[in-house]
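Participant: Input: one structure, supplied below.
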Amino acid sequence: MKNILLLGATGSIGDSVLNVIKQNNKELNLIGISFNKNVDKAREIFVDHPYLSYVHVEDQKAYKYFCARMDYYPDSSPRDWTHRPSELEDLINHESIDIIVCAISGFAGLKATYMAAHSGKKVLLANKESIVAGGDLILPIAKENKTEIIPIDSEHNAIFQCLNGEKGTEDVKKIIITASGGPFINKSISDLKNVTVKEALAHPNWKMGNKVTIDSATLVNKCLELIEAKHLFSLDENYFDLVVHPQSIVHSIVTYIDGSSICQMSSPDMRVPIAHAMSDKNRIPIDFNSLDFTSLNLSFQEFPPDRLEIQSIAREVCNKGSNYGVVFNAANEIAVESFINAKINFDKIYEVIYRTFDNKNVSKDLSIESINDIDMQTRIEAKKVVKSITN
Ligand code: NDP
Ligand code: MG
């Protein structure tokens, strides 16, 4: 039996992880969760999981509310509710935990991924922003502590599976990271001035949290994934091509120096990469939608030319290091938040990123304090850009 700590349990990835655990409850046990504010959902998870012993609540008000609501549950097993960062660290390092899933969204997940990297455990990583912003710090820490990081972002899990059994990446010639293209595929940025938040959140293939769904609509998600891949697979950015694949069936392709290309395919369903990452040597079963290969119509097209500027910033980040990733990520988070809150139009998301990135002042210091500082300064800059657009 493997005991799982699910960080970001109340989100979309959290749902998929819970489903995989439910289908394999003889091998997988949910022992701990974390969330930010969604007390009602956390309570539902709690009721469904009798062996759930540890709950970490990030938001202080939500923590108090959660404790008050849980008071009347009989203490059938030792249960512990926590809130302080040191308590999260203790939980991550708790001897009873075998697998940690990092599924918090955005830069907010960096702290937990950083702690998990020290743990020496198996870490399933969904939170791409923590690698974009902290890859140069976090991955060496993971290596030093023999922490096994397995990506569950579908493209990275696909690459991981395609590389499986290879001795290293020396024989890799090229890696194609596929992109669905989001709801606005084949539209240029100038067509997107007046799209609504609802339209941008209507992803054709995937049901995900709001932030990553907007990132998919702008294709900034693919830029974040390029940076994530560069760190996770220790390859230069020029090994990676970004290609639009509207069906989201082929999740990425690895081409070797001998001309073989290997891809991983499945219906768009996050439970597939999660099940793969949860398994040890043998795969674990889940119910899944089989692909009907006789009716598949797969197509691939080039990354939209008007998103090459944003892609080239991501490539610059790959070449200059993850402190530049902090800037790219924070500018994007502020831009997306401003779009969702109706402060800026969709097309202005790019402008906020470009202008904030142009004004960056990046320290070379590689520490968690420095990352937090660059993130904070960038958010101030990005908010100024938003303000200048809205005035
Ligand atoms: P959601 O927005 O659905 O869920 C986010 C989770 O993080 C929630 O549990 C939320 O708690 C928690 N959270 C938010 N802010 C904080 C905080 N400050 N401190 C602690 N916890 C916090 O996101 P997704 O599940 O869609 O995405 C999670 C990560 O996985 C992202 O990095 C995303 O890019 C990546 N990813 C997601 C995919 C998907 O299919 N959804 C696919 C590939 C990658 P609460 O609910 O209480 O606010
Ligand atoms: Mg992805």
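Participant: Which percentage, to the nearest 5, of the DSSP beta bridges contained in the chain is antiparallel?
Facilitator: Taking every DSSP beta bridge within the chain, about 30 percent pair in antiparallel fashion.
Participant: Could you give the dipole magnitude of region 167-215 about its Cα centre, charging the beta-carbon of Lys and Arg +1 and that of Asp and Glu -1, in debye to the nearest 20?
Facilitator: 60 debye
Participant: Let me ask another. Compute the normalised compactness of region 144-205: alpha-carbon radius of gyration over 2.2 N^0.38 Å, N being the residue count.
Facilitator: 1.68
Participant: Where nothing but the Cβ of Lys and Arg (+1) and of Asp and Glu (-1) is charged, how large is the charge dipole of the chain around its Cα centre, in debye to the nearest 20?
Facilitator: It comes to approximately 640 debye.
Participant: Work out the P(r) tail for region 88-128: percent of alpha carbon pairs separated by more than 12 Å, whole number.
Facilitator: So the portion of pairs separated by more than 12 Å is 52 percent.
Participant: Let me ask another. Based on the Cβ-Cβ distance of Leu296 and Ala342, what FRET efficiency does E = 1/(1 + (r/R0)^6) give at R0 = 35 Å, to the nearest 0.05?
Facilitator: Computed FRET efficiency for Leu296 and Ala342: 0.35.
Participant: Then there is this: Charges only on Cβ, +1 for Lys and Arg, -1 for Asp and Glu: so what's the dipole of region 115-225 about the Cα centre, in debye to the nearest 20?
Facilitator: Using only the charged Cβ atoms, the result is roughly 200 debye.
Participant: Given 20 °C and 1.002 mPa s, how large is the Stokes-Einstein diffusion coefficient of the chain in µm²/s, with Rh as the Kirkwood radius over Cα pairs?
Facilitator: For these conditions, the coefficient is 99 µm²/s.
Participant: Then there is this: Based on the mean of other Cβ atoms within 10 Å per residue, sort peptides 270-278, 48-56 so the most packed one is first.
Facilitator: 270-278, 48-56
Participant: Another question, if that's okay. Which FRET efficiency, nearest 0.05, do Lys384 and Lys26 yield, Cβ-Cβ r, R0 45 Å?
Facilitator: Taking R0 as 45 Å, the efficiency between Lys384 and Lys26 is 0.25.
Participant: I'd like the FRET efficiency for Asn194 and Asp136, computed as 1/(1 + (r/R0)^6) with the beta carbon distance as r and R0 of 41 Å, rounded to 0.05.
Facilitator: 0.55
Participant: Based on the mean of other Cβ atoms within 10 Å per residue, sort peptides 63-70, 96-103, 4-11 so the most packed one is first.
Facilitator: Ranking the peptides 63-70, 96-103, 4-11 by packing returns 4-11, 96-103, 63-70.
Participant: If I histogram all Cα-Cα distances within region 1-40 using bins 10 Å wide from 0, what percent of pairs lands in each bin?
Facilitator: Histogram of Cα-Cα distances, whole percents per bin: 32, 55, 13, 0.
Participant: Put +1 on the Cβ of each Lys and Arg and -1 on the Cβ of each Asp and Glu in the chain; which of His251, Ile92, Gly168 then has its Cα farthest toward the positive end of the dipole?
Facilitator: Ile92
Participant: Same structure again: Lys/Arg Cβ at +1, Asp/Glu Cβ at -1, dipole of the chain taken about the Cα centre: which of Ser266, Ala68, Asn3 is farthest positive-ward?
Facilitator: It is Ala68.
Participant: Within 10 Å, count the other beta carbons around each residue, average over each peptide in 210-220, 85-95, 226-236, 328-338, and list them highest first.
Facilitator: The densest-packed peptide leads the list: 328-338, 210-220, 226-236, 85-95.
FYI, it's all coordinate maths here, none of it is from the lab. Since this is a predicted model, take the numbers as computed values, not measurements. Glycine gets a Cβ as well: all are built from the backbone with ideal geometry, and neighbour counts include every protein chain shown.
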